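See below for the structure under consideration.
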Amino acid sequence: MFHQNHRLTDMKIFNQKQLAITLLCAVTAPFVISGFQLLAGSSASLLPVTPAIALHFYGVLCTSFFAGIQWGVHFCKRTEDSVYLVSFFTLVLVWLSLLSPGSIAGLTAILVGFLLSLAEEYRLSRQRVTTAWFWQVRCISTAIAVLSLLLTISALASGRVS
């Protein structure tokens, strides 16, 4: 009986690494779609808000999620330092950005939030607290998000979108 139960707990429905990579790639989809919309000169949105506001709120959601991952790393005792402090300040920054949703200032705060989160992830990777593959995927997904945010900020500054 024990041997049979042990096999059940060892069975995995899916590969955890592959799932994480897939989900992190999927997170970038709204950023990619927004970037292509801006490059095509379209300001249409499938949502009842402007693309800049939609991207802003999605950026807050993503950076908050990454901060939560970093808090989880700390509270699972995988690191002894105060990893949660940088995550906390990143979280406060992106939530304060909501005081000016869809604006250049608000989107810039989101961009800075992504970069702060990535810097903290780099630190955790260097300490070997997180895995190398996670660091690589975070770099790619953050680069896509930052590029999309830069395109949006540029489009707002030039008056191409609202």
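The values are calculated or read from the model by the stated rules, or taken from the named source; none is laboratory data. Because the structure is predicted, anything quoted here is derived from the model rather than measured. When we count neighbours, we look across all protein chains shown, and the Cβ atoms used for this are built from the backbone with ideal geometry, even at glycine.
Got at least one residue in region 87-102 being in a helix (DSSP H, G or I), buried (at least 16 other Cβ atoms within 10 Å of the Cβ) and at pLDDT below 90?
Checked against the condition, which is being in a helix (DSSP H, G or I), buried (at least 16 other Cβ atoms within 10 Å of the Cβ) and at pLDDT below 90, region 87-102 yields at least one hit.
Out of region 103-130, which residues are part of a loop (DSSP other than H, G, I, E, B) and over 17 Å from the mean Cα position of the chain (by Cα)?
Result: SER103, GLN127, ARG128, VAL129.
Criterion first (part of a helix (DSSP H, G or I), modelled with pLDDT of 85 or more and within 29 Å of ASN15 (Cβ to Cβ)) does ALA145 satisfy it?
Details: part of a helix (DSSP H, G or I): yes; modelled with pLDDT of 85 or more: yes; within 29 Å of ASN15 (Cβ to Cβ): yes.
Here the answer is yes, as ALA145 does meet what is asked.
Across region 141-153, what is the total count of residues that are touching a residue at least 60 places away in the same chain (Cβ under 8 Å) and either out of contact with any Leu (no Cβ under 9 Å at 6 or more places or on another chain) or farther than 13 Å from GLN37 by Cβ (or both)? Break it down into steps so the answer makes sense when it comes.
First, the residues of region 141-153 that are touching a residue at least 60 places away in the same chain (Cβ under 8 Å): 141, 144-145, 147-149, 151-152.
Narrowing further to those that are either out of contact with any Leu (no Cβ under 9 Å at 6 or more places or on another chain) or farther than 13 Å from GLN37 by Cβ (or both): 141, 144-145, 147, 149.
Residues that pass the stated criteria total 5.
Any residue in region 72-100 that is more than 13 Å from VAL60 (Cα to Cα) sitting within a Cβ distance under 9 Å of a residue that is of a type in the set (S, T, N, Q) and modelled with pLDDT under 75? List the pairs, counting only those 6 or more apart or interchain.
Once the first residue is more than 13 Å from VAL60 (Cα to Cα) and sits in region 72-100, its partners that are of a type in the set (S, T, N, Q) and modelled with pLDDT under 75 give VAL73/THR79; HIS74/SER82.
When you scan region 26-51, how many residues do you find that are small (Gly, Ala, Ser) and modelled with pLDDT of 85 or more?
Of all residues in region 26-51, those small (Gly, Ala, Ser) come to 26, 29, 34-35, 40-45.
After this cut, where a residue has to be modelled with pLDDT of 85 or more as well, the list is 26, 29.
Total meeting the criteria: 2.
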